[in-house]
Amino acid sequence: MARSLLKLGWRIARSNVTDARLPFKLTLILTYRCQLRCTMCNIWQRRPNDELTVDEIRAFFRKQPRFSWVNVSGGEIFLRSDIQDVFAAITEESRDLYVIDFPTHGQQTERIEAATRQLVGTRVPRIFVTVSVDGPPALHDEIRGVEGSFDKAMETFARLRKIRRRGYRPFLGMTLQAKNVDAFDDLLAAARRRIPDLHAREIHVNLSHESGHYYDNIGLEPLDADRASAAMAAIRDHRGTSLHPVAWLERRYQSLADRYLRTGRTPVPCHAAASSIFVDSFGVVRPCTIYDRPLGSLRDHDFNLESLFDAAGIHDVRADIRRGNCPHCWTPCEAYQTLLANLLPKPRRRLADPIPLASPGASTTSAADPNARARAPRSDAEVPTR
Ligand code: SF4
Ligand code: SF4
């Protein structure tokens, strides 16, 4: 643990002054299958095939064994019958893995508990599971499109909460959206009826976002900035203060959410494609969950991310993102590593400067981008600042 923690600490510190060849955080989508019918996400309408196999996932991690933080997501990852083999491939091939985290809608309690127990039995120091709940029972079921889904999610969470191991924590996760923007208190009360000692800090809060390539939900009803800001402030008060690094990150995320909600711009210079990278369930690499800028397919690069980065002109991609030439977002999946890369104040001019790479070799040819509209800056003068 000490070694992987030191490596992550070093990588975070380095991300404050320069970009490494490869990111330290990976978001890996395992499937676009899902049996819920959420109103804010259309993943469930997809009929995916040709998803990465366990062998391909293992080959990818064998070639990139240095990720410190892996977020696996879906769809619902537990719909993959080989999920335990996937976990084994990730944990066996990753030498520096310090954190693995994943969300679940919590509808397959036995299966989720079994796979989580398997993961908890590994030596990965930090394991975080988030069970999605979007409000008290009736509201949750309405948003998630399946009656009884709240009860199943809470049953799963209660079971996951009984698993004990240092460094392992389950959470509830609420996605704040137009339908539930005022519902945190009701959710907390409903959850406490089932788990009386539940602390507000056990509920993570995210802001709903549009994403064409991921959620397939362009046209999502926007959040009302005033109500969402007020809700985030009230949630912060509920949660109180804690010196735990994860709690600090969450508090910082929530306190900057107000700026994002009011401006539509990411409140700090984004480190997507530098500190983190997104790989979909077919092996297509993009900067993040939101920005539809395909950088290439791992299958075309023999699962070698450096080779794909070179062909995609990663230096230019990072520079574009740092200048704010992207759709902008403020979701914890992307914000946390960006916050960690912005611990040191940076001069504004750095955003327009070339971004030094830790080692040479990056090509300057940009990958074809089928979503030029999404790349257009929202304002031609503005550059996101701290
Ligand atoms: S939000 Fe999650 S649970 Fe809902 S449809 Fe999308 S992937 Fe499924
Ligand atoms: S700010 Fe832009 S590049 Fe960064 S995570 Fe959000 S959409 Fe992606």
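Going through the stretch 145-177 one residue at a time, which ones are β-branched (Val, Ile, Thr) and crowded, with 23+ Cβ neighbours inside 10 Å?
Residue satisfying the conditions is Thr156 alone.
Inspection of the stretch 288-309 finds a residue satisfying the criterion of being within 16 Å of ligand 2 (Cβ to nearest atom), modelled with pLDDT of 95 or more, more than 19 Å from the chain's Cα centre (by Cα) and not basic (Lys, Arg). Summed over the stretch 202-229, the residues that are under 20 Å from Asp258 (Cα atoms) and either surrounded by 17 or more Cβ atoms within 10 Å (Cβ to Cβ) or of a type in the set (S, T, N, Q) (or both) give a count of 12. Considering (1) more than 16 Å from ligand 2 (Cβ to nearest atom); (2) farther than 28 Å from Thr18 by Cα; (3) touching a helix residue (DSSP H, G or I) at 6+ places or on another chain (Cβ under 8 Å); (4) small (Gly, Ala, Ser), the lone condition that Gly212 does not fulfil carries the number (1). Looking across the stretch 128-139, the residues that are among the hydrophobic types (A, V, I, L, M, F, W, C) and surrounded by fewer than 21 Cβ atoms within 10 Å (Cβ to Cβ) come down to Phe128, Ala138, Leu139.
For the stretch 186-201, give me the residue count where each residue is modelled with pLDDT of 95 or more and not in a loop (DSSP other than H, G, I, E, B). Selection size over the stretch 186-201: 9.
Only helices (runs of 4 or more DSSP H) whose full extent lies in the stretch 236-331 are considered here, and the ones with at least 2 residues that are surrounded by 20 or more Cβ atoms within 10 Å (Cβ to Cβ) and touching a Pro at 6+ places or on another chain (Cβ under 7 Å) are 245-263, 314-322.
Is at least one residue of the stretch 25-35 within 11 Å of ligand 1 (Cβ to nearest atom), touching a Phe, Trp or Tyr at 6+ places or on another chain (Cβ under 6 Å) and under 30 Å from Ala178 (Cβ atoms)? Within the stretch 25-35, one or more residues are within 11 Å of ligand 1 (Cβ to nearest atom), touching a Phe, Trp or Tyr at 6+ places or on another chain (Cβ under 6 Å) and under 30 Å from Ala178 (Cβ atoms).
The values are calculated or read from the model by the stated rules, or taken from the named source; none is laboratory data. Since this is a predicted model, take the numbers as computed values, not measurements. Note: ideal-geometry Cβ built from the backbone for every residue, glycine included; neighbour counts use all protein chains shown.
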